[in-house]
Each structure stands twice: as structure tokens, then as C-alpha cells.
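Trainee: Pasting in a structure now, in C-alpha cells, and then I'll have a few things to ask.
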Amino acid sequence: MADKKIIAVVGATGAQGGGLARAILGDKGGGFTVRALTRDVASDKAKELAKRGAEVVAADVDDPESLKRAFKGAYGAFCVTFFWAHFSPEKELAEATAMAQAAKHAGVRHVIWSTFEDTRKWVPLSDNRMPTLMGKYKVPHFDSKGMANQVFTDLGLPVTFLLTSFYWENMIYFGMGPKKGPDGKLAITFPMGDKKLPGIASEDIGKCAYAIFKKGSEFIGKTVGIAGEHLTGAQMAAALAKALGREVRYNDVPPEVYRGFGFPGAEDLGNMFQFKRDFEKVFCGARNPEFARTLNPSLLTFERWLAQSKSRIPLE
Ligand SMILES: NC(=O)c1ccc[n+]([C@@H]2O[C@H](COP(=O)([O-])OP(=O)(O)OC[C@H]3O[C@@H](n4cnc5c(N)ncnc54)[C@H](OP(=O)(O)O)[C@@H]3O)[C@@H](O)[C@H]2O)c1
């Protein structure tokens, strides 16, 4: 135990960090142990991790000193932020900065920063194809993560930038699954035209991250993009129809219609999908499923994810 390398996992009770924690805990001979960061060490999820062998410690990404304590003595740190908890790109950048500084302070030897593209590199604020949001962003929850890359770089950290993909679990937890239209038929709605959306089972992000830690120095200083599969809306609808045994159609809407749906974050997500649609080659090109499968041989396709998860997709 004593000679095992500790990986401090931010968000260990959540999707990405949870996948990583379970991957490490499931590989007893792998040479790594989990230090799970949580705001509530007494929660059911935290207790479950402790039961499975994780060291569970209290930390809050909004409390830099708690991060420094939690990263102390760790070999690796998995860093992720929680944009949808507050919808603030400034706060997200501050949280990422606090994590980077804590990793520097602790002398962590490998950091994985779960990030996205700063979309303004492709769609400058002057580009009116999509509205500028909050005064200075195109896709706030992407742009702030992309901006934070520089913080990790400037601190000279041994960092791997991990570009993730759309979780297929959004169909379960984020209201993006099939819904009945006025005609009574099920449809999924995305403003993607006929372009492909890289998607992934969120658990696979953690499994890939674990493989990156295990590879040691190979991916330090590199950007690594992962997806389970790239699928058009029509292909996702066809896979859903097959899995559910019901007709499911793809409802392609213009991005401006999606931005107007009115739910919190609709404008941000409308711009995000438009970015993925308009820059399909760049976005898909940065997330190669074949490469992801070399990291994680059990990587799920959408069809295999559906076989495991279809009963959890709420259908009206
Ligand atoms: N949805 C998608 O398709 C998708 C795809 C790729 C990337 N992302 C990005 O993924 C990020 C979220 O990661 P996730 O999905 O793994 O999160 P998640 O499943 O929502 O998990 C959040 C976990 O983080 C912890 N947490 C929340 N606020 C915290 C804080 N202030 N300090 C410390 N821990 C905190 C919570 O744990 P405790 O309650 O135990 O503290 C919670 O269990 C977002 O930034 C999002 O943009 C999302």
C-alpha cells in the first residue's frame, strides 16, 4: 500500500472522477490508489468509495487551501470543474487556477486537466454566425476551460490536456433523450444538421484517464482527445429506435431555435452544438475513438452503451 502512487481525484463522486476512481479501485495490482475529493465525506457516494478502498478527503474547488491539503503527497491529480453548478466561466477559470496552483504547491508529478477547446480560436467574437454570450464568450463552458489550459502551462506543470466528448448520459440526466412530439412520435432534437457528434459513456472518460496516468510520461505535455463514437443525429436516432424497439426520429433544428429553447444554458449549448457542427472536421479530428480504444479496450460504442443503459432513459 505504502509504495502505491496516490491519484487525487477531483469530482470523485461524479461522472468523470467517479469513472477514474472506480477504474483505479478495480485494478488492485496496478500500483495506484485513489484519494477521492468530496465536499461531503459522509455522503452515500463518498462512503461507497471508502468501502471500496478509496481514501476520502474533504475538499472544495472554491477553497484553494483545501485543494492544497488534498493534493499533498499525491503522485497524480485529476482536475475537473463543475460549470453547470454555477454557469459562471469566471468561476470555472478561478477553480481551475486553484487546482493548478495546488498541484504546483504539492509537486504533483502528473496532472490531467479535463478541458475543451476555447472556441473563440475558430469563432472570434466578431464572427456573427453565433451570438457572443456574457459579453466575451461564444461557448462559455468551453472557452473558460480552454483559457485555463494556459494556467497549467504557465505554471510549468507536467500536464495532460484531456479533451472529452458529449456524454450519452445526457439522454438520461440532462433531458436530451427522445421526447414525444406533437405527432406522438419520439424524436431526439439536436442542431447538428447531418454532421457527426462525438459521444462517450462518461464512465469511459475515467477509464481513459487512468490509462493516461499508467502510461507515465508518454502523455505529459500532450493534448489527448477521446470519444466512444462519432455519430450523426440520424444515426443516434436509428440506434435508439433499434434498442428501444420504437420509432425514434432525429429532429434537426437550426442552432438559433435551440438557443431559444429557454432552459438554463440553452444559448451556451446552442452555440456549442453549432461549433461542433460548423467545425466537424476539427472537433471530430481531435477525438479519435480508435485511439481512445487503445487506452481503454472496453470503450463502449453507442449501441453497447444503449444495451446497458436504455432502461434508464426517461421516455414520456
Ligand atoms: N455533460 C456532458 O456531456 C459533458 C461532457 C464533457 C465534459 N463535461 C464537463 O464535465 C464537468 C463536470 O464533470 P462531471 O460530469 O464529472 O461532474 P458531475 O457528475 O456533475 O459531478 C460533480 C461532482 O463534483 C463534485 N463537486 C461539485 N462542486 C464541487 C466543488 N465546489 N468542490 C468540489 N467538488 C465539487 C460533487 O461532489 P460532492 O458533492 O461529493 O462534493 C459531484 O459529485 C463540467 O464542467 C462539464 O462541462 C460535461
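Trainee: Working only within region 16-38, note down all residues that are within 15 Å of the ligand (Cβ to nearest atom), over 20 Å from A58 (Cβ atoms) and without any contact (Cβ under 8 Å) to a residue 60 or more places away in the chain.
Mentor: Matches in region 16-38: none.
Trainee: When residues of region 194-210 are filtered for being more than 13 Å from the ligand (Cβ to nearest atom) and open to solvent by less than 20 Å² (accessible area, probe 1.4 Å), how many remain?
Mentor: 1
Trainee: Identify the single condition in (1) surrounded by fewer than 22 Cβ atoms within 10 Å (Cβ to Cβ); (2) of a type in the set (S, T, N, Q); (3) within 16 Å of the ligand (Cβ to nearest atom) that T164 does not satisfy, given that it satisfies every other one.
Mentor: (1)
Trainee: With respect to T13, is the statement that it is within 28 Å of M147 (Cβ to Cβ), over 17 Å from the mean Cα position of the chain (by Cα) and within 14 Å of the ligand (Cβ to nearest atom) true?
Mentor: Spelling it out, it is not the case that T13 is within 28 Å of M147 (Cβ to Cβ), over 17 Å from the mean Cα position of the chain (by Cα) and within 14 Å of the ligand (Cβ to nearest atom).
Trainee: Name the residue, out of K47, K68, K72, that is farther than 24 Å from L162 by Cα and without any contact (Cβ under 8 Å) to a residue 40 or more places away in the chain.
Mentor: Testing whether each residue is farther than 24 Å from L162 by Cα and without any contact (Cβ under 8 Å) to a residue 40 or more places away in the chain leaves just K47.
Trainee: Starting from residues that are open to solvent by 70 Å² or more (accessible area, probe 1.4 Å) and not hydrophobic (A, V, I, L, M, F, W, C), keep the ones in region 246-261 and report whichever is farthest from K281 (Cα to Cα).
Mentor: My answer is R246.
Trainee: Would you mind telling me which numbered condition in (1) within 12 Å of the ligand (Cβ to nearest atom); (2) within 26 Å of D143 (Cα to Cα); (3) open to solvent by less than 40 Å² (accessible area, probe 1.4 Å) V111 fails?
Mentor: Here V111 meets the rest and fails (1).
Trainee: Filter region 216-230 down to the residues that are in contact with a Leu (Cβ under 6 Å, 6 or more places away or on another chain) and among the hydrophobic types (A, V, I, L, M, F, W, C) and list them by number.
Mentor: V224
Trainee: Which residue is most open to solvent (accessible area, probe 1.4 Å), if the candidates are limited to region 39-77 and must be part of a strand (DSSP E or B) and near the ligand (Cβ under 10 Å from one of its atoms)?
Mentor: In this case the residue turns out to be A58.
Trainee: Now, a different point. From the set of residues in region 138-161 that are touching a residue at least 60 places away in the same chain (Cβ under 8 Å) and more than 16 Å from the ligand (Cβ to nearest atom), which is nearest to the chain's Cα centre (by Cα)?
Mentor: Looking at the filtered set, the residue picked out is V159.
Trainee: Hey, does region 262-282 have a residue that's under 23 Å from Y210 (Cβ atoms), without any contact (Cβ under 8 Å) to a residue 40 or more places away in the chain and of a type in the set (D, E, K, R)?
Mentor: no
Trainee: Determine which single condition N128 fails, assuming it passes every other condition in (1) open to solvent by 60 Å² or more (accessible area, probe 1.4 Å); (2) in contact with a Phe, Trp or Tyr (Cβ under 7 Å, 6 or more places away or on another chain); (3) not aliphatic (A, V, I, L, M).
Mentor: (2)
Trainee: Please work out which one of (1) within 30 Å of I313 (Cβ to Cβ); (2) surrounded by 23 or more Cβ atoms within 10 Å (Cβ to Cβ) is the condition E169 fails and give its number.
Mentor: All conditions are met except number (2).
Trainee: Tell me the residue from G135, G221 that is open to solvent by 60 Å² or more (accessible area, probe 1.4 Å), more than 10 Å from the ligand (Cβ to nearest atom), more than 18 Å from the chain's Cα centre (by Cα) and closer than 21 Å to F83 by Cα, please.
Mentor: G135
The values are calculated or read from the model by the stated rules, or taken from the named source; none is laboratory data. Computed from a predicted structure; not experimentally measured. In this analysis, Cβ positions are derived from the backbone assuming ideal geometry, glycine residues included, and neighbour counts consider all displayed protein chains. Just the protein is used for accessible areas: all its heavy atoms, side chains included, with ligands, DNA and RNA removed. Shrake-Rupley method; radii C 1.70, N 1.55, O 1.52, S 1.80 Å.
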